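Only one structure is covered here, and it is reproduced in the block below.
The values are calculated or read from the model by the stated rules, or taken from the named source; none is laboratory data. Remember, predicted model here, so these are calculated numbers, not experimental data. Heads up, the Cβs are rebuilt from the backbone with ideal geometry, glycines too, and the neighbour counts pull from every protein chain shown.
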């Protein structure tokens, strides 16, 4: 199977090619440069993998939550390419990208949307909770019943989130993503996932809406 994967939600724009049972090419660009450099990055990985777009079996894209602008651009690219090349499109959440390659029974996975604002998913066995907003509000919602007993694996959390968890006396084990860049995790995840019936079914999960600004008069 040959897969082109794209992600723009997790702080940078990344793209990857899966072929021959492994990820064979990746490229990353700084956050905020997806519009200017995204197409070039995708051309680069296709060239490095010696694959034409029409040779792909499917396209994968990270659908967030995460950074508003990069997320929108990545999904727009993915939908356009899937339509032009008539390829199935697979959507993968940012939480699944960050956890890919781990086997965590209990995990709090954190996506930073903007300073002080996060989206988080807490899994404990079959129970799954998620929330978005200010750090204190999110943790208050997820742990409304108090600190869970035992250690909580915390994936991709920045220091301010770890500090806030410590204030709540929650014992944590910080975990870094096992597969990077995010597009590489998307490519691997897409191998076994069922594509959307239509590109129109794939929509962005912004988590937290972007900050509202008032123009100066």
- prompt: When residues of region 1-11 are filtered for being within 19 Å of residue 36 (Cβ to Cβ) and either modelled with pLDDT of 95 or more or buried (at least 24 other Cβ atoms within 10 Å of the Cβ) (or both), how many remain?
  reply: 5
message: Could you check region 12-57 and list, in sequence order, the residues that are under 21 Å from residue 199 (Cβ atoms), surrounded by fewer than 21 Cβ atoms within 10 Å (Cβ to Cβ) and in contact with a helix residue (DSSP H, G or I) (Cβ under 8 Å, 6 or more places away or on another chain)?
response: 35, 39, 46, 52, 53, 54
task: Would you check which residues across region 77-120 are farther than 18 Å from residue 190 by Cα, in contact with a helix residue (DSSP H, G or I) (Cβ under 7 Å, 6 or more places away or on another chain) and at pLDDT 95 or above and list them?
output: 107, 109, 110, 111, 118, 120
query: Within region 162-191, which residues are in a helix (DSSP H, G or I) and either under 12 Å from the mean Cα position of the chain (by Cα) or surrounded by 21 or more Cβ atoms within 10 Å (Cβ to Cβ) (or both)?
result: 165, 182, 183, 184, 185, 186, 187, 188, 189, 190
message: Yes or no: region 136-149 includes at least one residue that is part of a strand (DSSP E or B), at negative phi, without any contact (Cβ under 8 Å) to a residue 24 or more places away in the chain and out of contact with any strand residue (DSSP E or B) (no Cβ under 7 Å at 6 or more places or on another chain).
response: no
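Would you confirm whether or not region 46-56 contains a residue that is touching a residue at least 24 places away in the same chain (Cβ under 8 Å) and under 15 Å from the mean Cα position of the chain (by Cα)?
Step one: of region 46-56, the residues touching a residue at least 24 places away in the same chain (Cβ under 8 Å) are 46, 48-49, 51, 53-56.
Imposing the further condition that a residue be under 15 Å from the mean Cα position of the chain (by Cα) reduces the set to none.
There is no residue in region 46-56 that is touching a residue at least 24 places away in the same chain (Cβ under 8 Å) and under 15 Å from the mean Cα position of the chain (by Cα).
Table: residues versus (1) closer than 28 Å to residue 88 by Cα; (2) in contact with a strand residue (DSSP E or B) (Cβ under 6 Å, 6 or more places away or on another chain); (3) without any contact (Cβ under 8 Å) to a residue 12 or more places away in the chain.
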residue	(1), (2), (3)
127	no, no, yes
174	no, yes, no
181	yes, yes, no
184	yes, yes, no
